[in-house]
Amino acid sequence: MADSQPLLSLDGDPVAAEAFLQDVFRIVVDEVIRKGTNASEKVCEWKEPEELKQLLDLELRHEGESQEQILEHCRAVIRYSVKTCHPRFFNQLFSGLDPHALAGRIVTESLNTSQYTYEIAPVFVLMEEEVLKKLRALVGWSSGDGVFCPGGSISNMYALNLARYQRYPDCKQRGLRALPPLALFTSKECHYSIKKGAAFLGLGTDSVRMVKADERGKMIPEDLERQISLAKAEGAVPFLVSATSGTTVLGAFDPLEAIADVCQHHGLWLHVDAAWGGSVLLSQTHRHLLAGIQRADSVAWNPHKLLSAGLQCSALLLRDTSNLLKRCHGSQASYLFQQDKFYDVALDTGDKVVQCGRRVDCLKLWLMWKAQGGQGLERRVDQAFALARYLVEELKKREGFELVMEPEFVNVCFWFVPPSLRGKKGSPDYSERLSKVAPILKERMVRKGSMMIGYQPHGPLSNFFRMVVANPALTRADMDFLLNELEWLGQDL
Ligand SMILES: Cc1ncc(COP(=O)(O)O)c(C=O)c1O
């Protein structure tokens, strides 16, 4: 049947398929890689949603379209998408473009396999183990386990589940009925995924006890002690502490040694959410910020953030050597993980995770590491710290800028104080007026397409900008641009 019917589109026409893909690659190279990383091009092309819907022609129809139309769709998708590889994209904790990591992503996408069995991912099963081993060694572990997860939030969630299972293995079968009321501890500066994870796992957000942080955003170990006693007095059973290395907004590093002491004393699982700050372990100069991390039971680390490996690349690392991951999550599906295979079935790592199909996330990091070497990646981290310092020093020289605090990482948090508010700090409506500045400037920069930088209120602090220095292509000129542009955009306020 199929042979007698003309095939639609490119199905069964490898020559046309190749020509089409060559065209797509050309567009990607021109529009994303060349223009998207060019500071004189826009970082974004803002459109109102209704207009954007029209421009994209989003509707899916019964008839297929011509190759030329498809290529035009590709161009439009790129044109109206935000260029996160642009040197003026400071909006997120990820940015920039590493060509080797991108090559890894392209190869991964093209091979389109799943990480679960050696049978269909022989290269990636071995590679994932090697990459995880390298990351574990940087944490300070000569053995252990781990897995690449779809993002830091999920890595954190795995840690909660593993800690719970280790203490109450029964809960895998009996669920919440097997559990007393549990309590976990994290600082008020933690990433929101800890609460989400607690909700998703049936622990409930009430089980998350928020420990106080000091004025720099670091967890206060004495308050952790206090919260643990309080939870016990209320009849809850503490089981985990999640410390953060590199908090999302302020970039603070919790004091891991002191927190590990508390965990050791109470027999609690120590998880370190180093999704943002983990890459600092590569730097001999700055890795002291994570001193004590080797005492953790689990670590979440996102190379897609500071190392620019590309979304997604998030490792959950474990000190455990007792196959906890597999015992906690395995379900021995006989159609996939046959035990009588002709090779070592320990290589079928897919039963360690709750997913079935799992993306390959190791190649982008592996290829980038091969090209850069640990040395090159270390330089990248050190350069980010140095540029953040440069920005801080420049910012202090200008009248209209005020630091929220001296940063210890590459999050530079500051207020732009417009001309009308300068010298008015004591006035009653100062905070309220200041909080309106960042949203106005954000709108202006996005409509102009000149740069993107995030802002937020934080506790009692009114809206301030969080500048993230992560893109390895950034130079001092980009820092100067940022300050000049804010002054320009806010001169009439
Ligand atoms: C400290 C911290 N942990 C976890 C996450 C979540 O990572 P992901 O976005 O990969 O889920 C973030 C994201 O910014 C983060 O800053």
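The values are calculated or read from the model by the stated rules, or taken from the named source; none is laboratory data. Not measured: the values here are computed from a predicted model. Here Cβ is always computed from backbone atoms with ideal geometry, including for glycine, and neighbour counts include all displayed protein chains.
If you go through region 415-429, how many residues are exposed (fewer than 15 other Cβ atoms within 10 Å of the Cβ) and assigned to a helix (DSSP H, G or I)?
2
Tell me the residue from 222, 257 that is more than 16 Å from the ligand (Cβ to nearest atom) and farther than 17 Å from residue 297 by Cβ, please.
222
Take the residues of region 189-204 that are under 19 Å from residue 224 (Cα atoms) and not aliphatic (A, V, I, L, M): which is farthest from the ligand (Cβ to nearest atom)?
195
Just name the residue that is farthest from the ligand (Cβ to nearest atom) out of those in region 145-162 that are closer than 19 Å to residue 209 by Cβ and out of contact with any Asp or Glu (no Cβ under 7 Å at 6 or more places or on another chain).
So the residue we want is 161.
If residue 216 satisfies all but one of (1) without any contact (Cβ under 8 Å) to a residue 40 or more places away in the chain; (2) basic (Lys, Arg); (3) within 16 Å of the ligand (Cβ to nearest atom), what's the number of the condition it fails?
Condition (1) is where residue 216 drops out.
Using beta carbons and a limit of 6 Å, which pairs, at least six apart or on different chains, have the first residue in region 288-312 and farther than 14 Å from residue 244 by Cβ and the second one within 11 Å of the ligand (Cβ to nearest atom) and β-branched (Val, Ile, Thr)?
Final answer for the pair search is none.
Would a scan of region 210-232 turn up a residue that is in a strand (DSSP E or B), surrounded by fewer than 21 Cβ atoms within 10 Å (Cβ to Cβ), at pLDDT 95 or above and touching a Phe, Trp or Tyr at 6+ places or on another chain (Cβ under 9 Å)?
Yes, that holds for at least one residue.
Those residues that are crowded, with 21+ Cβ neighbours inside 10 Å and basic (Lys, Arg), I need them from region 67-104; list them, please.
Scanning region 67-104 gives 83, 88.
State whether one or more residues within region 412-424 are under 20 Å from the mean Cα position of the chain (by Cα) and either within 16 Å of the ligand (Cβ to nearest atom) or at pLDDT below 95 (or both).
Yes, region 412-424 contains at least one residue that is under 20 Å from the mean Cα position of the chain (by Cα) and either within 16 Å of the ligand (Cβ to nearest atom) or at pLDDT below 95 (or both).
Among the listed residues 235, 251, identify the single one that is within 16 Å of the ligand (Cβ to nearest atom) and at positive phi.
Every option except 251 fails the conditions.
Would a scan of region 336-349 turn up a residue that is assigned to a loop (DSSP other than H, G, I, E, B), farther than 18 Å from residue 120 by Cβ and of a type outside the set (Gly, Ala, Ser)?
Looking through region 336-349, none of the residues is assigned to a loop (DSSP other than H, G, I, E, B), farther than 18 Å from residue 120 by Cβ and of a type outside the set (Gly, Ala, Ser).
Scan region 111-133 and tell me whether some residue there is among the polar types (S, T, N, Q) and in contact with a Leu (Cβ under 7 Å, 6 or more places away or on another chain).
yes
Quick check on residue 58: is it outside any loop (DSSP other than H, G, I, E, B) and of a type outside the set (D, E, K, R)?
no
Restricting to region 288-307, give me the number of residues that are within 14 Å of the ligand (Cβ to nearest atom) and part of a loop (DSSP other than H, G, I, E, B).
6
Determine whether residue 100 is of a type outside the set (A, V, I, L, M), in contact with a helix residue (DSSP H, G or I) (Cβ under 7 Å, 6 or more places away or on another chain) and more than 16 Å from the ligand (Cβ to nearest atom).
yes
Restricting to region 260-280, what's the tally of residues that are touching a Leu at 6+ places or on another chain (Cβ under 9 Å) and within 15 Å of the ligand (Cβ to nearest atom)?
So the answer is 9.
Quick one: how many residues across region 458-493 are exposed (fewer than 15 other Cβ atoms within 10 Å of the Cβ) and within 20 Å of residue 425 (Cα to Cα)?
Adding up the residues that qualify gives 4.
Mind counting the residues in region 130-161 that are under 19 Å from residue 370 (Cα atoms) and free of Cβ contacts under 8 Å to residues at least 24 places away in the same chain?
Selection size over region 130-161: 2.
Taking region 7-43 as the search range and keeping residues that are more than 20 Å from residue 72 (Cβ to Cβ) and within 25 Å of the chain's Cα centre (by Cα), which one is surrounded by the most Cβ atoms within 10 Å (Cβ to Cβ)?
43
Might you let me know whether region 319-341 holds any residue that is at negative phi, within 16 Å of the ligand (Cβ to nearest atom) and surrounded by fewer than 20 Cβ atoms within 10 Å (Cβ to Cβ)?
No: zero hits.
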